[in-house]
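The values are calculated or read from the model by the stated rules, or taken from the named source; none is laboratory data. Here the structure is a predicted model, which means the values were calculated and not measured. All Cβ positions, glycine included, derive from the backbone under ideal geometry; neighbour counts span all protein chains shown. Surface accessibility is based on the protein's heavy atoms, side chains included, excluding ligands, DNA and RNA. Shrake-Rupley method; radii C 1.70, N 1.55, O 1.52, S 1.80 Å.
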Amino acid sequence: MIRDVFKYLILGTREDLDRFFTQAQEQGFLEFISISQKKGVEKPITIHNVLQAIKILKKEPRKEPYIGGGDITLAMQISERTIELKEDLEKLYEEKRVLETDKARVAPFGDFSMDDIADIEKQGNRKVQFFCMKTSRRDKTPVPEEAIYIGTEYDLDYFITISPDTLAPPGMIEMRIDAPLGEIQNRLDFVIDAIYRFEHELKAQSAYLQFLKDILVEEL
């Protein structure tokens, strides 16, 4: 007996596709044909962006749905801004992590001026260096006379040297400091504020989730 068959191309987010395949397999009247990677269907940029924005917004807390209406132009604007916010937040999260690491590393030396350090080196013809060493090794390793003890944090002792020559004391690790504590803290405050603002805006974008889904259906 010959029966007519119909072939459909199904597109959607990974979560929606997984749910569709699971439910379809339970019915048992569909045959799935996978598209190979080399012969994959290239999605238009409009569909690609809307799909990506939907995937991002599905992870955000739900807001009151947007009901103002609109077309693909508005959907693209919303999608592009959503993707931009997500990318910017990822960069800010990484910068925050780096700044917090630098802050903890520099904090034992307190706040100081890099210009003052430069003046000391230039006018005094001296080399200013920052060092640390394990506290447990301090009694076993001779500390040079030029080393000024600054303090101890956790299991590390911190020193600063002001010497005519560049020093490399055994058992001590030289620390490169590009910015003092105050500058790091100011930048960290700015980044934290930006993260707060961008997260708030991204949460607000979730109101467009259903609108984007409806536009996606129309485009498909």
Size of the range 131-173 along its principal axes in angstrom, Cα-based, largest extent first? 30, 18, 15
Working note, the chain: Cα radius of gyration (Å, one decimal) and Dmax (Å, whole number) are 29.4, 100
Distances longer than 17 Å among the Cα atoms of the range 45-139: what percent of all pairs is that? 72 percent
Most fluctuating residue given options Arg137, Arg187, Arg81, as computed from a GNM of the chain linking Cα atoms under 10 Å: Arg137
Leaving out ligands, DNA and RNA, what percent of the accessible area of the chain is carbon and sulfur, probe 1.4 Å? 51 percent
Ignoring the sites themselves, what is the longest stretch of the chain with no GluC sites (Glu not before Pro) in a DSSP loop and at most 15 other beta-carbon atoms within 10 Å? 43-144
Which residues does a label at Ile162 reach in the range 128-154, if reach means a backbone N under 18 Å from a point 7 Å past the Cα toward the Cβ? 128-131, 144-151
Positive minus negative residues near Glu201 (Lys, Arg vs Asp, Glu; Cβ under 14 Å): -2
Going from most exposed to least, what order do Tyr149, Tyr208, Tyr196 have by accessible area with a 1.4 Å probe? Tyr196, Tyr149, Tyr208
For the range 52-115, with every protein chain kept in place, what is the accessible area per residue (1.4 Å probe, Å²)? 62 Å²
May I have the convex hull volume per residue, in Å³, for the Cα set of the range 175-220? 106 Å³
Taking Lys and Arg as +1 and Asp and Glu as -1, residues besides Gly171 with C-beta under 9 Å from its C-beta add up to +4
Stokes-Einstein at 4 °C, 1.567 mPa s, Kirkwood radius from Cα pairs: D for the range 125-220 in µm² s⁻¹? 72 µm²/s
Using a Gaussian network model of the chain with C-alpha springs under 10 Å, which one of Arg97, Arg14, Arg62 is most mobile by mean-square fluctuation? Arg14
